[in-house]
1. So is C:Leu294 hydrophobic (A, V, I, L, M, F, W, C) and either on the phi > 0 side of the Ramachandran plot or in a strand (DSSP E or B) (or both) or not?
2. Run down C:Asp308, C:Asp293, C:Asp329, C:Asp260 and say which single residue is charged (D, E, K, R) and under 30 Å from D:Thr223 (Cβ atoms).
3. For the subset of the range C:174-199 comprising residues that are more than 8 Å from every other protein chain (Cβ to nearest Cβ) and surrounded by fewer than 22 Cβ atoms within 10 Å (Cβ to Cβ), which member is farthest from D:Gly176 (Cα to Cα)?
4. Give the residues of the range C:1-25 that are away from every other protein chain (no Cβ under 12 Å) and out of contact with any strand residue (DSSP E or B) (no Cβ under 6 Å at 6 or more places or on another chain), sorted by residue number.
5. Does at least one position in the range A:328-337 carry a residue that is over 22 Å from the mean Cα position of the chain (by Cα) and either within 14 Å of chain D (Cβ to nearest Cβ) or assigned to a loop (DSSP other than H, G, I, E, B) (or both)?
6. Tell me which residues, restricted to the range C:212-235, are open to solvent by less than 10 Å² (accessible area, probe 1.4 Å) and over 22 Å from D:Val304 (Cα atoms).
7. Within the range D:117-162, can you find the residues that are in the same structural domain as D:Phe92 (by TED's automatic domain parsing) and more than 21 Å from D:Ala74 (Cβ to Cβ)?
8. For the range D:112-123, state whether one or more residues are within 26 Å of D:Ile290 (Cβ to Cβ), touching a residue at least 24 places away in the same chain (Cβ under 8 Å) and in a loop (DSSP other than H, G, I, E, B).
Number of protein chains: 4
Amino acid sequence: MKAAIVGVTGYTGIELVRLIHQHPSLTLGTLHSHSMHKNSISELYPHLQQLCEQEVEAYDAEKIMENNDLVFFATPSGISKDLVHEFVAKDFPVIDLSGDLRLKDLESYQRWYKKEPTTQEIVDQAVYALPEFSPIKGNLLSNPGCYATAAILSLVPLIQAQLIALDTIILDGKSGLSGAGKQLSDSSHYVTVDENMTMYKLNQHQHIPEIIQYLQSFDADLTTLQFTTSLIPIKRGIFMTLYAKVKEGVTNEQIQQAFDVYQTKPFVRVQSNGRLPELRQVTGTNFCDIGFDLNEENQTLTVVAVIDNLMKGAAGQAIQNFNLWAGLDETCGLTQVPLFP
Amino acid sequence: MKAAIVGVTGYTGIELVRLIHQHPSLTLGTLHSHSMHKNSISELYPHLQQLCEQEVEAYDAEKIMENNDLVFFATPSGISKDLVHEFVAKDFPVIDLSGDLRLKDLESYQRWYKKEPTTQEIVDQAVYALPEFSPIKGNLLSNPGCYATAAILSLVPLIQAQLIALDTIILDGKSGLSGAGKQLSDSSHYVTVDENMTMYKLNQHQHIPEIIQYLQSFDADLTTLQFTTSLIPIKRGIFMTLYAKVKEGVTNEQIQQAFDVYQTKPFVRVQSNGRLPELRQVTGTNFCDIGFDLNEENQTLTVVAVIDNLMKGAAGQAIQNFNLWAGLDETCGLTQVPLFP
Amino acid sequence: MKAAIVGVTGYTGIELVRLIHQHPSLTLGTLHSHSMHKNSISELYPHLQQLCEQEVEAYDAEKIMENNDLVFFATPSGISKDLVHEFVAKDFPVIDLSGDLRLKDLESYQRWYKKEPTTQEIVDQAVYALPEFSPIKGNLLSNPGCYATAAILSLVPLIQAQLIALDTIILDGKSGLSGAGKQLSDSSHYVTVDENMTMYKLNQHQHIPEIIQYLQSFDADLTTLQFTTSLIPIKRGIFMTLYAKVKEGVTNEQIQQAFDVYQTKPFVRVQSNGRLPELRQVTGTNFCDIGFDLNEENQTLTVVAVIDNLMKGAAGQAIQNFNLWAGLDETCGLTQVPLFP
Amino acid sequence: MKAAIVGVTGYTGIELVRLIHQHPSLTLGTLHSHSMHKNSISELYPHLQQLCEQEVEAYDAEKIMENNDLVFFATPSGISKDLVHEFVAKDFPVIDLSGDLRLKDLESYQRWYKKEPTTQEIVDQAVYALPEFSPIKGNLLSNPGCYATAAILSLVPLIQAQLIALDTIILDGKSGLSGAGKQLSDSSHYVTVDENMTMYKLNQHQHIPEIIQYLQSFDADLTTLQFTTSLIPIKRGIFMTLYAKVKEGVTNEQIQQAFDVYQTKPFVRVQSNGRLPELRQVTGTNFCDIGFDLNEENQTLTVVAVIDNLMKGAAGQAIQNFNLWAGLDETCGLTQVPLFP
């Protein structure tokens, strides 16, 4: 099968190129960018010389459908919501990595993204494609956000097993700079980031409604979260810490059992014996590594989940979703040993 | 007045050299190290060439008392507890920057530091010298820990005003590598730290009993804390995040009023209008900058406090304590504009 | 005396604020920016809260002259060349930190800076203020460039003593990102800089004509240089490596003697015994530290010179020039122990 | 075929694991370490969980030969020189990544490595396996050093074409910290490396005799080099700058033609149009990317060559050598798109 990528010049787009290049059953189709057209993508990204020399073309929906079997939208929020209509109309498979199709409530999209939403019909059709808990089906997949992925994978087993007090959930996420994309701003200037840490969008991050919406399918009583996001001076990775009070009498073993749900999930590695994962152990991989610790003195549970924001937080999960959608093994093309250190 | 420094070759020791060098009423006396003796400290630290060329001598209590008016212990934990006896016996002024004299309960010291404690007499005599809330007096000052300083300054106003539920306190601290000192280990190797984040000593950090002990003087009901510490790839700085549930009906204004206690404290700068401090705005300074945000949906308060671990977290606070002890203005020698960026 | 700063919001401007704040004989006058006007500079730079709360005003030459004794231009190239006329006309003291007044040849300015030059009269009047070798006099001082300072201090003793073959000079400079200023570009984005090194403007850097022009005053035969500049992932500092063939028979001792010229220069510290300086030993200081090594097998001399680009490479040298201009001790306000590590 | 790795816990060893894991014709055999024996290598390297869970065993030559088809020595210098005898005696294939077998002159080894050499018979038998210029044959391959690889690939075309003056060659190499291995020292502590650059082993680096020895096979007149090595704050990569005077009349076109020798070499990408490579474009790959610029004013040629020190500088080149030795395509298992950014 051949896949087109729209928005190929962003960090997520270029990560899709890497993953598709190494995939045994998927090949690169056409590559598209709204702003930069090049005879070869290696003109933009010299690391690709001799490895991938495809043209970067203007966006052209017709051409995409003619020449490919599916399309990945690796565009910033606010683009695919308008472009998907044409593909949906023809039932052409779309995996959208942006935030445009994640929220089922159009007003919520408008409030959190400050943009006009797409139609209710489209969002109703879009499947929120978190493959550990959602069946991957249909031709319109909405790939979860990076923070959301780490948060949801930390929380679902605990909520399913009813182990924590819902009103005590705190999510404290730290991210590398690739999570913010390539756009230039004071906050992404090297001199600003280096030797610094900043908290941003406190309780205002657009992944909050996405997390709540999804978790409500497991427990409708969950209506609010405490959610912080910080930038730390690294390129890749999300280090998500979850704090919550466990319900009375909940034991460490019960928590361990709850997380055992991941024993059948190839991309979630629960650390044993109270060991916490470090961020770099997932860099370049599609894994979400989870560790936890219950403080029995005060019934506070700490869960640490680490992911690579461009992998399990974006392109890797999109390929995982593609695999499931295509009836392939979920891990197809995603089990290479990563670069280390 | 002249000050000796024991343990001058560590990061805290060398920061004391910087601060004493710029202090209008304090001069460098003798410099001591247990392991490295040099004709000039600039042989170890070439940045000091022509600025400070003092000898680094072996430790010698007699000589210290003869040639100085006070002594700073900038030694790792486990050293000063044995050495202070001689100074205390002669009532010679000591400011101890290590953890040795902070805990009033000897068993607690043994449990958390895994070392033999000093005597009860000594710890009873030692004043926990957090100058914003404790009178600085006597000739045996125990300088607070770096994480503890950030945690206590975040919490005391809220506890004094009885605004938060004590059993919901979560402290999530992130630190640069200088906080771990100069000792070599896999965890301080550049390749390990770079592009990584690790959580360590979860609920096992030796600053926990120190924080609880001190906060209990404000509310004896506080008996436990949830406390995490992480390393991020920077050299200096602590970014401390406090989460707690506010009591019913507590408003943003009440929190602001509680933090107004710092209006008379020169080294705590409370950010206005919900602005959160970034780490680098305190690098090189003795400030603790605090910002906060109340999530009214779930009554969760977030407080961010940033300090420079070698300044307000160690040497800067020691000088602040010296100033108060010596009857000088609290800010003496500590108000230089810091290096930026 | 009171000094105005034009372009105070840039890295060099803010470094001038730091230095003037700690200077015993100079105080901050008015602060100016073309683009950002604030009630307090601490709104832009929160680290300055309570330390420096001056207004940032629009540029106003009249007001500057009324309220100050001199003015520092810390503006990008292309600004001061037009603005200085008014000050020169009234013989008001100006220290210009930009590249606008450094080149005596107007065509050369146009070629290297791609901008219209100022007038010949102005550049003739401007003194190239490298205080180790040039008398500091007159009311129009042109502060050298950062790379140029490191290059010239490496070369002048060798050229004066006629020890090296002029046509073999190679300058290989590495710089931190603050050297490129605050402007946003792909090349200053954190994700681009981190874990990377790039060479730029090879033999096209605008400091080349400045270096050649100055060195020709020591040996007119010098007409060309090999000059490279690279970015490395740090904030501050220039690491300049000079390679040159020594003339036949030149010994290590002769080189040492040539560098002995700096024994009377307070801000150049020549390392002894073949030791090479590391970059961080000058961070935050006005020092240029120099080490060298002669490879006797192939008569190649290596000289390493390190400076802080914002200090000896910009603001620090400007204060050093001010000191000399004002008849003060050259080191006035510049001998504080720097932040370390 | 199956390959054993001795010294698997070092950075080079773990990179071999990654490369063999993704190789279509080579599989991991037994893994060995002198110091750390584990039931699974993922206990040491948690990123390998579920990807590679092999045992790390004690060193056992017999067992290695029984269970594998060849062995990679990824040990520090001073180990394989004694261990290879047993393998050589049985003509068992060895690819040695250390410096032990590179120098044909035993005294030279002793001088530069400060260790007892192996036997003349062994070093005579060892093939210096730089595959771009040396035929890969025999069962004892000595993999070149990282700096040496970048230096040699920059120089051979120029020397072959007799374009440069041999006595003017200067090599200025910058390296990330993984090049120095995992051993702990002040110079690899995060706080020392961060925001710093240091030059080390000036004209004393053990790769110097290796480079000279190899280049002499192209021009025996080359007897000396000027060679510097510096550490910059990154994890991976070598940025090698070569300066040399071209012979009279040499043109840019001639240099381009000389480098055209690489048109048939899959892992050397010569940049066109005077573009210089940036370091990150080879991170994670086996490429050596080369750019150059001739300064016609002073006949100085600048060549920049970038490699990943763990790939083309170590493990990647070892696999390339294996491919050639085994009669496979040279690029087998080495053309994956690398992680970026």
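The values are calculated or read from the model by the stated rules, or taken from the named source; none is laboratory data. It should be emphasised that the depicted structure is a prediction, and the values quoted were computed from it without experimental measurement. Methodologically, a virtual Cβ is constructed for each residue, glycine included, from the backbone with ideal geometry; neighbour enumeration extends over all protein chains shown. All accessible areas refer to the heavy atoms of the entire protein, side chains included, with ligands and DNA or RNA removed. Shrake-Rupley method; radii C 1.70, N 1.55, O 1.52, S 1.80 Å.
1. Yes; evaluated as a whole, the condition is true for this residue.
2. Values: C:Asp308 fails: under 30 Å from D:Thr223 (Cβ atoms); C:Asp329 fails: under 30 Å from D:Thr223 (Cβ atoms); C:Asp260 fails: under 30 Å from D:Thr223 (Cβ atoms).
None of the other options fit; the residue is C:Asp293.
3. Selected residue: C:Gln183.
4. So the first thing to find is which residues in the range C:1-25 are away from every other protein chain (no Cβ under 12 Å), and the list is C:1-8, C:25.
Once the filter is applied, which keeps residues that are away from every other protein chain (no Cβ under 12 Å) and out of contact with any strand residue (DSSP E or B) (no Cβ under 6 Å at 6 or more places or on another chain), the range C:1-25 yields C:Met1, C:Gly7, C:Ser25.
5. No, because not a single residue in the range A:328-337 is over 22 Å from the mean Cα position of the chain (by Cα) and either within 14 Å of chain D (Cβ to nearest Cβ) or assigned to a loop (DSSP other than H, G, I, E, B) (or both).
6. Hits for the range C:212-235 are C:Leu215, C:Leu222.
7. Selection gives D:Thr119, D:Gln120, D:Glu121, D:Asp124, D:Glu132, D:Phe133, D:Pro135, D:Lys137.
8. Going through the range D:112-123, the residues within 26 Å of D:Ile290 (Cβ to Cβ) turn out to be none.
Among the residues of the range D:112-123, not one is within 26 Å of D:Ile290 (Cβ to Cβ), touching a residue at least 24 places away in the same chain (Cβ under 8 Å) and in a loop (DSSP other than H, G, I, E, B), which makes the answer no.
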